[in-house]
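Here the structure comes first, spelled out in structure tokens, and everything after it is commentary.
The values are calculated or read from the model by the stated rules, or taken from the named source; none is laboratory data. Since the model is a prediction, treat every value here as computed from it, not as a measurement. No Cβ is skipped: glycine too gets one built from the backbone with ideal geometry, and neighbour counts run over all protein chains shown. Accessible surface is based on the protein model in full, side chains and every heavy atom, while ligands, DNA and RNA are left aside. Shrake-Rupley method; radii C 1.70, N 1.55, O 1.52, S 1.80 Å.
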Amino acid sequence: MLITNCRTYIDGKISEKEILILDGKIARIAGRIPENEAGGEEKINAGGLMVIPGLIDVHVHLREPGSEYKEDFVTGTKAALAGGITTVIDMPNNKVPTTTLRRLREKEELAQKKALCDVRFYMGATNDNFAEIKKANPIAVKVYMGKTTGDLLVTEDEIMERHFSNFDRKKPITVHAEDQKYMEAHSGKRTEEAAEIAVKRAVTLAEKTKRKLHIAHASTSQEIEIAKEKAGGQKLRADVSVETAPHYLFLSQKDADKLKQLGTVNPPLRSEETRKALWKKLNNIDCIATDHAPHTLEDKGDGARGFPGLETSLALMLDAYNKRMLELDWIISRMTENPAEIFGLTNLGRIAVGFSANLTFVDLKKEWTVNGEELETKCKWSPFEGKKLRGKAVKTVFGGRTVYEDNEIC
């Protein structure tokens with residue numbers, strides 16, 4: 001494949017380049033590549049669109065196995081490709097949690113047969129599965145400090161410390177930072193204080209054990225300050241990374257009130273004041289992840305918490321760029337390069353010779369309206385229903401092949 005007439009994002013700079021893809025990898029990048037070098041390969045005239053690395057979402061719930069009626073590997077990865085995302089990392093809190101080597105291998109085999117993009121997997125920490133995690137050595141471990149599915153809950157520092165010490169020091173331990181004991185002492189409310197206390201505990205243990213720590217779905221500026229800023233604020237912690245989700249940047253409690261049962265998520269949407277404060281910490285946020293957590297409308301009516309987000313994430317960010325709220329290089333780095341670096345995803349997250357040819361074609365001017373019925377996700381709704389956005393992924397290339405174009409999976 002030879003891609004011409006495009007603007008590319010390479011090493012933090014946007015410039016006009018041509019990209020030659022051979023055998024699923026980027027073979028050459030130049031201002032102009034002679035046609036005789038491209039041979040008889042497929043040629044794509046990008047028409048002036050921006051071409052960026054395929055996005056990486058490090059926090060998704062694809063629901064399979066166990067809850068395929070909400071989402072599965074086919075529909076979830078279709079949704080990812082439609083959002084310009086070519087790599088996702090799937091969470092372990094399935095109906096039967098991913099806590100053993102056998103369950104991890106079962107998920108990997110299912111994805112190998114069904115997934116349309118690159119899927120990697122977390123393992124979840126329990127009070128006693130240290131040996132299983134050691135054997136499996138997954139891409140990352142997820143520690144739930146607040147209650148979720150099955151036995152995926154670790155409340156004691158002693159157990160957390162064992163998990164931290166047990167895991168590969170080169171790989172991140174991701175924490176759902178909501179302190180269960182604090183919540184139980186405060187009528188089960190998932191308050192900002194519950195999140196901040198949990199982050200403090202996790203950071204302390206990470207420093208003690210000298211392990212990489214990743215804070216999932218930060219919803220407050222205080223969490224970011226605790227996680228990243230050392231005493232005096234002179235230097236940021238190098239081995240602690242933080243993600244936030246688009247819904248914490250663009251929605252608040254007033255939106256949750258309007259959405260009613262559709263507006264519930266863990267951690268919950270915060271006050272408008274807290275949302276605005278989160279924006280002031282943008283430079284200390286390492287990556288954007290969706291926490292794509294699809295539920296049927298019936299399940300939402302019964303109290304299920306979580307939002308779908310794979311197909312709106314990039315578009316929301318591009319809309320903010322068009323409104324001069326975000327810089328383009330900030331968006332791209334937080335959705336491609338940084339996630340790849342944090343999670344050790346080699347040959348992903350950059351447009352460079354030898355890297356996988358996973359590319360997202362972006363139309364910065366395309367205007368569209370979010371309509372749940374038109375989304376690829378099986379749940380067919382969005383908390384951003386009816387929102388008019390400017391900017392969208394219009395073509396996705398995965399492994400050197402066009403897999404999404406003109407609003408359709410190829």
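Scanning region 1-40 for residues that are assigned to a loop (DSSP other than H, G, I, E, B) and surrounded by fewer than 18 Cβ atoms within 10 Å (Cβ to Cβ) gives Asp11, Gly12, Asp23, Gly24, Gly31, Arg32, Pro34, Gly39, Gly40. Across region 370-392, the qualifying residues are those that are in contact with a Lys or Arg (Cβ under 9 Å, 6 or more places away or on another chain) and either small (Gly, Ala, Ser) or in a strand (DSSP E or B) (or both), and the one among them that is most open to solvent (accessible area, probe 1.4 Å) is Arg390. Within region 286-315, take every residue that is among the aliphatic types (A, V, I, L, M) and surrounded by fewer than 21 Cβ atoms within 10 Å (Cβ to Cβ) and give me the one that is nearest to Lys95 (Cα to Cα). Ranking the candidates gives Ala304 first. Restricting region 187-240 to residues that are in a loop (DSSP other than H, G, I, E, B), in contact (Cβ under 8 Å) with a residue 40 or more places away in the chain and aliphatic (A, V, I, L, M), which is nearest to Lys147 (Cα to Cα)? The selected residue is Ala216.
Quick grid of which residues meet (1) open to solvent by less than 40 Å² (accessible area, probe 1.4 Å); (2) touching a helix residue (DSSP H, G or I) at 6+ places or on another chain (Cβ under 8 Å); (3) more than 28 Å from Glu68 (Cα to Cα):
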position	(1), (2), (3)
Asn129	yes, no, no
Val141	yes, yes, no
Glu158	no, no, yes
Phe164	yes, yes, yes
Thr191	yes, yes, yes
Ala206	yes, yes, yes
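The set of residues in region 291-325 that are part of a loop (DSSP other than H, G, I, E, B) and under 18 Å from the mean Cα position of the chain (by Cα) comprises Asp291, Ala293, Pro294, His295, Arg305, Gly306, Pro308, Gly309, Leu310, Glu311, Thr312. For region 58-90, filtering for residues that are assigned to a helix (DSSP H, G or I) and hydroxyl-bearing (Ser, Thr, Tyr) leaves 2.
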